[in-house]
1. Got at least one residue in the range 140-163 being assigned to a helix (DSSP H, G or I), at pLDDT 95 or above and either under 20 Å from L120 (Cα atoms) or among the β-branched types (V, I, T) (or both)?
2. Can you name the number of the only condition in (1) surrounded by fewer than 20 Cβ atoms within 10 Å (Cβ to Cβ); (2) in the same structural domain as Q149 (by TED's automatic domain parsing) that L201 fails?
3. Report every pair of residues separated by at least 6 positions or lying on different chains whose Cβ atoms are under 9 Å apart, first residue within the range 90-114 and within 21 Å of E58 (Cβ to Cβ) and in a helix (DSSP H, G or I), second modelled with pLDDT under 95 and among the hydrophobic types (A, V, I, L, M, F, W, C).
4. If you go through the range 176-190 one residue at a time, do you hit one that is outside any loop (DSSP other than H, G, I, E, B), closer than 16 Å to V257 by Cβ and not assigned by TED's automatic domain parsing to the domain that holds L14?
5. Output the number of residues of the range 41-66 satisfying the condition of being of a type in the set (K, R) and either outside the structural domain of L96 (by TED's automatic domain parsing) or in a helix (DSSP H, G or I) (or both).
6. What residue, of A62, A21, is among the small types (G, A, S), in contact (Cβ under 8 Å) with a residue 12 or more places away in the chain and buried (at least 19 other Cβ atoms within 10 Å of the Cβ)?
7. On the given criteria, is N13 surrounded by fewer than 22 Cβ atoms within 10 Å (Cβ to Cβ), under 22 Å from Y160 (Cα atoms), under 22 Å from the mean Cα position of the chain (by Cα) and not assigned by TED's automatic domain parsing to the domain that holds G134?
8. Considering each residue of the range 24-67, count those that are of a type in the set (A, V, I, L, M) and under 21 Å from K98 (Cβ atoms), and give that number.
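The values are calculated or read from the model by the stated rules, or taken from the named source; none is laboratory data. Quick caveat, the model's predicted, so the values are computed rather than measured. Ideal geometry is used to build each Cβ from the backbone, glycine not excepted, and the neighbour counts take in all protein chains shown.
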Amino acid sequence: MGVLYVVATPIGNLEDMSFRAVRILKEVDIVAAEDTRTAQKLFERFEIRAKRLVSYFEGNEAARSAELVKALAAGKSVAVISEAGTPGVSDPGARLVKAAADAGIKIEVVPGPIAAVAALVGSGLPTERFMVVGFPPREAGARRMMFGQLRNEPSTIALYEAPGRVGQTLSDLAAALGDDRAAAVCRELTKLHEEIARGTLAELHARYADTPPRGECTIIVAGAAAGQLAPIDVEAELRNLLDQGLGPKDAAARLVVSTGKPRRALYQLALSLQREGGEE
């Protein structure tokens, strides 16, 4: 059988390309690239003449993975690269790695740049334990529910976000985790205009609310301190909101962010509590 190489490539500065990565890309039979145009630019810079270059992106990931596993089983060597950084971390690659592992094919990771780790180290926030949650959902309700579920997470949190959504995402994070939670917005990492802005979620939201940052962004947020946040009594909170005159729909909407629970489940519970109150 062949070998599958998972090759990390620069996230900005091409000088971060490793000697091993260049050698592997020159030697393998097939290079599967998330963006073949970006790959060609990289190849030109390092004088890499790929024997065969194929596309491997979200749209063809399933079919291409099966095709590449067949090639690996036939003795071909394959390297997978993403547009930038490490394949499989918020980029295509994980499906191919699993398929290759299930087929008993040898897998070698050629480590290198990854934006989440670079941002984490530069943020000044705790690094002993962290989690990468990737890109948050674009839909507001799903995004707020996700952040609510992270409310009591003690690990430092790393997430990616498009520049135009950074302000809203910081606002939602502050609503779910607290205005005073320490964070950092890291943009254009390893590039000419690299910048790391540090502060509380409230401060960072104020900074980017009306002026979105330029370039690709990684947001790092401190985890919850021990004993900082107590579990929420959802039923008691809903009763309190209903007593204040809110309807079940509005009461449920209020608690989506702070609890991380689905709006529909909260709404159904609010309806039940409202009926109980009416019977009394």
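1. Within the range 140-163, the first condition is being assigned to a helix (DSSP H, G or I), and the residues that meet it are 140-149, 163.
From the residues that got through so far, the ones that are at pLDDT 95 or above too are 163.
Next, only the ones that are either under 20 Å from L120 (Cα atoms) or among the β-branched types (V, I, T) (or both) stay: 163.
Yes - at least one qualifying residue is present in the range 140-163.
2. (1)
3. From residues that are within 21 Å of E58 (Cβ to Cβ) and in a helix (DSSP H, G or I), the pairs are R95/A62.
4. Yes, some residue in the range 176-190 is outside any loop (DSSP other than H, G, I, E, B), closer than 16 Å to V257 by Cβ and not assigned by TED's automatic domain parsing to the domain that holds L14.
5. 3
6. Working: A62 fails: buried (at least 19 other Cβ atoms within 10 Å of the Cβ).
Result of the check over A62, A21: A21.
7. yes
8. Quick first cut of the range 24-67, residues of a type in the set (A, V, I, L, M) only: 24-25, 28, 30-33, 39, 42, 48, 50, 53-54, 62-63, 66.
Next, from what is left, pick out any that are under 21 Å from K98 (Cβ atoms): 24, 28, 30-33, 54, 62-63, 66.
The total comes to 10.
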